[in-house]
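Input: a single structure, listed below in structure tokens.
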């Protein structure tokens, strides 16, 4: 890739990058010149396909397997990446799970698991990445949350709680790292056209569409473009911000 690209020479880690929004983010960061570590937990084939697509397009990427919910594994993988590549400029905390269910029927083990992945995972990865970024006095941490953190959604109280927690964490960490020239921001996608949403019944999709002023689903590429902007040199004066990408779904 050309060195004229805004992220040329930088190293990025995207968690949960094997498919959907995460894969789109990985591909966009690579397109802009970064070497991308494509994190996955279980789907090695999908991660390899993402890496192959990036490589075929002229970019640089490698798979990196670890479970973000495991603090030791997360730290070991991130420290290993820094040792191998000599730096870590961009961390995108995208990995997440949705274990839907009404609160009155929700299993405690599901609550613990969704907290471990969606909220604690962001903490584990950010803590490890921040060590390198603080030493370098430069870095970008971008967290992927959701419109449901602001509007709530029946059957998704635990998911909404984790995403709202990530937004609070984003603002607090932004204050902690600002003096070291490390910015921390979040993007909050709305109803995005992915494999997950494609599997929803048509009636459910129609209901969601009726709440979106722009009248269409968002695309993973649109989310990726926003993440790349926050990761790039022109966003250096933005920190502690949550960027809504929802077609006006919640104003």
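Can you classify region 69-173 as rounded, prolate or oblate using the Cα gyration tensor, where a ≥ b ≥ c are the square roots of its eigenvalues, rounded means a/c under 1.5, and otherwise it's prolate if a/b beats b/c and oblate if not? Cα axes put region 69-173 in the prolate bin. Once the Cα atoms are used to define both axes, helix 71-85 deviates from the longest principal axis of the chain by about 40 degrees. Each semi-axis of the equivalent ellipsoid for region 141-251 is √(5λ) with λ an eigenvalue of the Cα gyration tensor; in descending order they amount to 27, 16, 10 Å.
In this rough spin-label picture, where each label sits 7 Å from Cα along the Cβ direction, the residue 180-residue 55 distance is 3.3 nm. Between residue 241 and residue 85, the modelled labels are 2.4 nm apart [label points 7 Å from Cα along Cα→Cβ]. Peptide packing: for 115-124, 22-31, the average count of neighbouring Cβ atoms within 10 Å per residue gives the ranking 22-31, 115-124, highest mean first. Stokes-Einstein, applied to the Kirkwood radius of region 1-44 over Cα pairs at a viscosity of 0.890 mPa s and 25 °C, places its translational diffusion at 235 µm² s⁻¹. Listed peptides 101-109, 243-251 appear in the order 243-251, 101-109 once ranked by packing, highest mean of other Cβ atoms within 10 Å at the front.
With 10 Å bins beginning at zero, the pair-distance distribution over Cα atoms of the chain amounts to 8, 32, 38, 18, 3, 0 %.
Summary value for region 11-245: 20 percent relative contact order, contacts being C-alpha pairs under 8 angstrom separated by 6+ residues.
Cβ-Cβ distance of residue 225 and residue 137, R₀ of 22 Å, FRET efficiency by 1/(1 + (r/R0)^6): the value works out to about 0.25.
For residue 208 and residue 44, the FRET efficiency from 1/(1 + (r/R0)^6), where r spans their Cβ atoms and R0 equals 45 Å, is about 0.90. Seen against the Cα atoms of the chain and their longest principal axis, helix 44-56 is set at about 60 degrees.
If R0 is 35 Å, the Cβ-Cβ spacing of residue 109 and residue 4 corresponds to a FRET efficiency of close to 0.10. Computed on region 110-156, the Cα convex hull volume stands at 67 Å³ per residue.
Helical runs assigned H by DSSP (4 residues or longer) give the chain a calculated mean residue ellipticity at 222 nm of -13500 deg cm²/dmol, each run adding -39500 (n - 2.57) before division by the residue total. Convex hull volume of the Cα atoms of region 1-144, normalised per residue: 101 Å³.
Would you mind pulling out the separation of the Cα centroids of region 141-170 and region 76-136, in Å? Region 141-170 and region 76-136 have Cα centres separated by 14 Å.
Laboratory data are not the source of any read-out in this text; all were calculated from the coordinates shown. Bear in mind that the values here come from a model prediction, so they are computed numbers and not experimental data. No Cβ is skipped: glycine too gets one built from the backbone with ideal geometry, and neighbour counts run over all protein chains shown.
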